[in-house]
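To start, the structure under review is shown below, and the notes come after it.
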Amino acid sequence: MTTEEDSKKGRTVREVAGIAWGLMRGFRLRFVLAIAAMLMATAFRYMVPLVASGTIDFALGSGNGTSRVVDFMERFVVRDWLAGHLWAAGLVMVGLTASAGLFNFFKGKLAAEASDGIARRLKNRLYDHLQRLPMRFHDQAETGDLVQRCTSDVETLRLAISTQVVEVSHALILMGTALPLMFLLDSRMAVASFVLIGPIILFGYFYIKRVRRLFQKFDEAEGKVTAIVQENLTGLRVVRAFRRQDYELEKFSHPNKEYRDLGLRLIRLMAAYWSISDLVALSQNAIVLGLGVHFISQGSLTVGTLFAFIMLLNLVLWPVRQMGRTLTELGKSFVSIGRIQEILEEPEEDRLPVTQAESGRGHIVARDLTFSHGDGQVALQSVSFEARPGETLAILGPSGSGKSTLMHVLLRLYDYQSGSLTYDGVEMKELDRHWCRHQFGTVMQEPFLFSKTIIENIRLGRPSAQEEEVMRVAEMAHIHDTIHRFPARYKTLVGERGVTLSGGQRQRVALARALLREAPVLLLDDALSAVDTETEELIISALKKRHGKMTTLVIAHRLSTLAHADRVIVMDKGRIIQSGTHEELCARGGLYRRLWEIQSRVEGQRTKDEGQRTKVQGLETEVEP
Ligand code: ADP
Ligand code: MG
């Protein structure tokens, strides 16, 4: 077989085998021992038919000539004694079977240890690697696909090592030893025994190869059903709120039916396969039996030898019949190895040696910074600004103008393509990514909380922080009192992605987490958008007290937040279109002033409304007495 023909996704069988062998490092000895144990088990099982054959011919004297087993026994065993003590032969057979079982147990144990160990290590390696891949990779990869590669593809590989490779070796060893043994016993019968074995293997291989596409479809249908359930459960609230239950049910029922239909078709096809295979196997038995009886009546074969042949044949038949199935499963694992290797071959984010002190000053200068996501559309174009240590820089702009992207570039989640971005005077590209990220306390636009307790979530900012420090930042983020109203206080579990908290509470926990870090720079990406205006103002004034201690970049839309910044930059379509202090920008025309006017008008309207309401209340109180 040429290696080119069997290549899966451009990899040759040799390459895949090489990759698999590499993955087995550290477990190879155990694996080889498993095969050795299997060899021992096979040897013991082979002896059973021989002892049976010998006992029939030698001790009971079937009188049909002699066989090699009889010749052998004549030299070592006393015929009359054995005839009188037949139980001894039975005992030997039981002993041999038990030994075979014992070695089989060792085989299973060793193979399982090896494959489980390999799978566990591989999963860890994949997980670790995924943590270190650049954001660009994750932007393009589908989460579901990655999850599948880390779980079911690894599982396919585990099964291949623990089961299929062992089974193929088993079948090969059985055939490799049964054939010479049979020829030793009687060459005519040996040929007869193997007449149909070849066809069984070929039939199995080609049949399963054809059914394989169906197996694949079946797997895909299963994936589809799982994906629908997962999406439905994730979006449960939306489904209920929009009363889409019936629609969702319908959406589910079609793929579910397809899944069942495919399953039934597979079962039918496999039932046909095993029936045909049974027929061939029984025919093989019939050939051996028929020919054997003929030879016995001729006097050229002993009853014991025929008995041995029937037993040996059936020892070999089962694994051989499984072979077609096993080989195709093994083929599946080739695809899985390829998919796993694709992830492992992705280059990790580069790391540079850290030459800076633990903490920088937080001086950021961008000059003509330009960046585009993979799609070629420019997300940042010639962006220039400066944030001096301790300053607060506010960023404003319509959605999609590149504000979050700017934060991501600062965090080195993406590499900027041209222009310069310096931190404390050093080009950021020349600094280690992890060190850079360590300079920022960040609240992302959609803050993510882990399904842990509140205190654990805040402590992510600085795991070594004392409880008092956690409470101090929680107070600054104005979440402390809220937390204290929860029955379990700081030990409250926040649920998956923080669902048990409101949007504003989640943002404030994330803010506490960022503050706890005590990094030189604080990055707030629309971090208070879900917090009510009053609370926001309280938080801003708490942050103002730290003014001068840390550089703050804050993306916001509310004037209350923008007005207190040292400088404001206004972005649109990836460019900075205005910059200056609040007063300067208000004096000049443009987007900022328009926004200011709209918000002031709304604000004015609100105060007017509130005034009227008090007036009405006043009237009522006047009327009442
Ligand atoms: P803002 O935060 O100002 O609302 P973003 O920085 O999130 O805007 O987005 C700026 C532009 O970049 C948008 O046009 C958006 O579609 C695009 N963009 C954002 N993230 C990605 C991404 N991961 N891959 C490709 N394009 C992106
Ligand atoms: Mg954004």
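The values are calculated or read from the model by the stated rules, or taken from the named source; none is laboratory data. Small disclaimer: the values here were computed from a predicted structure and weren't measured. Glycine also receives a Cβ, built like all others from the backbone with ideal geometry; neighbour counts cover every protein chain displayed.
Structure data summary
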read-out: Residues of region 249-273 satisfying the condition of being surrounded by 14 or more Cβ atoms within 10 Å (Cβ to Cβ) and without any contact (Cβ under 8 Å) to a residue 24 or more places away in the chain; value: 251
read-out: Matching entry among 380, 406 (being of a type in the set (A, V, I, L, M, F, W, C), assigned to a helix (DSSP H, G or I), touching a Leu at 6+ places or on another chain (Cβ under 9 Å) and within 16 Å of ligand 2 (Cβ to nearest atom)); value: 406
read-out: Qualifying position, being in a loop (DSSP other than H, G, I, E, B) and within 16 Å of ligand 2 (Cβ to nearest atom), among 389, 398, 347, 353; value: 398
read-out: In region 542-558, residue nearest to residue 360 (Cα to Cα) [restricted to those that are more than 16 Å from ligand 1 (Cβ to nearest atom) and part of a loop (DSSP other than H, G, I, E, B)]; value: 549
read-out: All positions within region 184-200 that are surrounded by 14 or more Cβ atoms within 10 Å (Cβ to Cβ), assigned to a helix (DSSP H, G or I) and over 42 Å from the mean Cα position of the chain (by Cα); value: 185, 189, 190, 192, 193
read-out: Residue that is nearest to ligand 1 (Cβ to nearest atom) [pool: residues in region 494-541 that are of a type in the set (Val, Ile, Thr) and within 31 Å of the chain's Cα centre (by Cα)]; value: 509
read-out: The listed residue being within 16 Å of ligand 1 (Cβ to nearest atom) and either among the hydroxyl-bearing types (Ser, Thr, Tyr) or modelled with pLDDT under 90 (or both), out of 153, 139; value: 139
read-out: Total residues in region 428-456, condition outside any loop (DSSP other than H, G, I, E, B), within 17 Å of residue 363 (Cα to Cα) and not aliphatic (A, V, I, L, M); value: 10
read-out: Hits in region 428-446 - residues which are within 16 Å of ligand 2 (Cβ to nearest atom), of a type in the set (S, T, N, Q) and either buried (at least 17 other Cβ atoms within 10 Å of the Cβ) or on the phi > 0 side of the Ramachandran plot (or both); value: 442
read-out: Residue match in region 429-441 (condition: in contact with a helix residue (DSSP H, G or I) (Cβ under 7 Å, 6 or more places away or on another chain) and within 16 Å of ligand 1 (Cβ to nearest atom)); value: no
read-out: Hey, residue 190 closer than 30 Å to residue 153 by Cβ and of a type in the set (Gly, Ala, Ser) or not; value: no
read-out: Restricting region 409-427 to residues that are outside any loop (DSSP other than H, G, I, E, B), buried (at least 20 other Cβ atoms within 10 Å of the Cβ) and of a type outside the set (Ser, Thr, Tyr), the residue that is nearest to ligand 1 (Cβ to nearest atom); value: 409
read-out: Positions within region 558-574 being farther than 15 Å from residue 523 by Cα and within 16 Å of ligand 2 (Cβ to nearest atom), in sequence order; value: 558, 570, 571, 572, 573, 574
read-out: Residue within region 325-345 that is under 20 Å from residue 576 (Cβ atoms) and either within 15 Å of ligand 1 (Cβ to nearest atom) or out of contact with any Asp or Glu (no Cβ under 8 Å at 6 or more places or on another chain) (or both) present; value: no
read-out: Every residue from region 483-536 that is of a type in the set (Asp, Glu) and outside any loop (DSSP other than H, G, I, E, B); value: 496, 525, 534, 536
read-out: Residue satisfying condition, being near ligand 1 (Cβ under 9 Å from one of its atoms), surrounded by 14 or more Cβ atoms within 10 Å (Cβ to Cβ) and modelled with pLDDT under 90, within set 396, 406, 380; value: 380
read-out: Close pairs from region 391-420: first over 20 Å from residue 551 (Cβ atoms), partner within 9 Å of ligand 2 (Cβ to nearest atom), Cβ under 9 Å, at least 6 apart; value: 414/405
read-out: Residue 338 more than 16 Å from ligand 2 (Cβ to nearest atom), within 27 Å of residue 144 (Cα to Cα) and surrounded by fewer than 20 Cβ atoms within 10 Å (Cβ to Cβ); value: yes
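Yes/no per residue for (1) touching a residue at least 12 places away in the same chain (Cβ under 8 Å); (2) exposed (fewer than 12 other Cβ atoms within 10 Å of the Cβ); (3) in contact with a Gly (Cβ under 8 Å, 6 or more places away or on another chain):
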site	(1), (2), (3)
213	no, yes, no
231	no, no, no
242	no, yes, no
289	yes, no, no
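Residue-wise test of (1) modelled with pLDDT under 80; (2) among the aliphatic types (A, V, I, L, M).
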position: 159; (1), (2): no, yes
position: 162; (1), (2): no, no
position: 174; (1), (2): no, yes
position: 203; (1), (2): no, no
position: 216; (1), (2): yes, no
